[in-house]
Amino acid sequence: MSSFLRLGCATLLTVLGSGSYAQSPYPNQPVKLIVPFPPAGGTDVVARLVAERIRAATGWTFVVDNKPGAGGNIGMDAVAKSKPDGYTLGMGQTANLAINPSLYSKMPFNAAKDFVPVALVAGQPVVLVVNAVSPFKTVADLVAAAKAKPSSVTMASAGNGTVGHLTGEMFSKQAGITVNHIPYKGAGPAATDLLGGQVDFYFATPQAVLSFVKTGKLRALAVSSTKRLPVLPDVPTVAEGGYKGFDTTDWKLLVAPAGTPMDIVKRLNTEVEKAMSKPETAAQLLAEGSIPLSGSAQQAAQYLKSEQQRWSVVVREANVKLD
């Protein structure tokens, strides 16, 4: 066989091989979805909801893998270091993608470079709550008390550097007050002490306090978003209380390792968009205090970049650092 013929055969085999590979459907194996928090938490619930909706519509198999620890850094590091083939995804959120890079002195991954945003999924404001027997009936009442006796009013949080903690710091700065921050190891203990009267107020996730608000054990004074929450329609926003432009959201954003092919990213984005647009999906999210989000992968990337910039300023001004 001539060298020309051998070269031609080799080229034909290469083309056929690459064509066969290119036509291989995605996905042709289970997709791992890493959740960087424990089961049953807010991020886990949203991740499983999205995975189930996509599975029901497409038949794809998702395996949800909870990898909690270090404020979400352990799970997201696993995503960052995974093969960029579309078979490992991560449910990132405000803390691990936008706050932690400025909060921790050392990060195991680069949140701005090691991921490709796939789709915005949901957003959730935090709710300013007090005990039902608290003398604070409005945001103005709380601010007046804090100004009358600086550092005497206590603020609970689910931990240093959480969205609730930093929202409280933003609020204190904008209101011109100084409060005594009491960090807890999670939302549960913080809510327990608020119910027991050990602390004065708490910027909490809706999941942590909605049931107590509904049963009259806690009083909701405000929500941190620009619009009122449908599940708490009578509770004003912080901005309505006189703090123009105030807005914080604990968002959920699906990401893949950097280098994941864009055709796979776009396919995933399309399926997430379909899942989030279903009325039953929106109803479930709204019932727990979340708001469905949408947009292209490019819009998700732009949103993430703006949030990383915004929260870096908040962390710096709050002077919070973790090692």
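The values are calculated or read from the model by the stated rules, or taken from the named source; none is laboratory data. Everything quoted here is computed from the prediction, not taken from an experiment. Here the Cβ is made from the backbone with ideal geometry for all residues, glycine too, and neighbour counts use every protein chain on show.
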For the subset of the stretch 95-142 comprising residues that are among the hydroxyl-bearing types (Ser, Thr, Tyr) and not assigned by TED's automatic domain parsing to the domain that holds Met276, which member is nearest to the chain's Cα centre (by Cα)? Thr138
From the list Arg310, Arg267, pick out the single residue that is under 28 Å from Val31 (Cβ atoms), in contact (Cβ under 8 Å) with a residue 60 or more places away in the chain and among the basic types (Lys, Arg). Arg267
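Out of Glu288, Glu307, Glu271, which single residue is more than 23 Å from Leu166 (Cα to Cα) and in contact with a helix residue (DSSP H, G or I) (Cβ under 8 Å, 6 or more places away or on another chain)?
From the options Glu288, Glu307, Glu271, the qualifying one is Glu271.
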Mind counting the residues in the stretch 199-223 that are touching a residue at least 24 places away in the same chain (Cβ under 8 Å) and outside any strand (DSSP E or B)? 12
Output for Cβ contacts, cut-off 9 Å, separation at least six or different chains, first residue in the same structural domain as Tyr202 (by TED's automatic domain parsing) and under 14 Å from Phe171 (Cβ atoms) in the stretch 143-157, second among the charged types (D, E, K, R) and part of a strand (DSSP E or B), reads none
Determine whether the stretch 15-29 contains at least one residue that is more than 30 Å from Asn96 (Cα to Cα), modelled with pLDDT of 80 or more and not small (Gly, Ala, Ser). yes
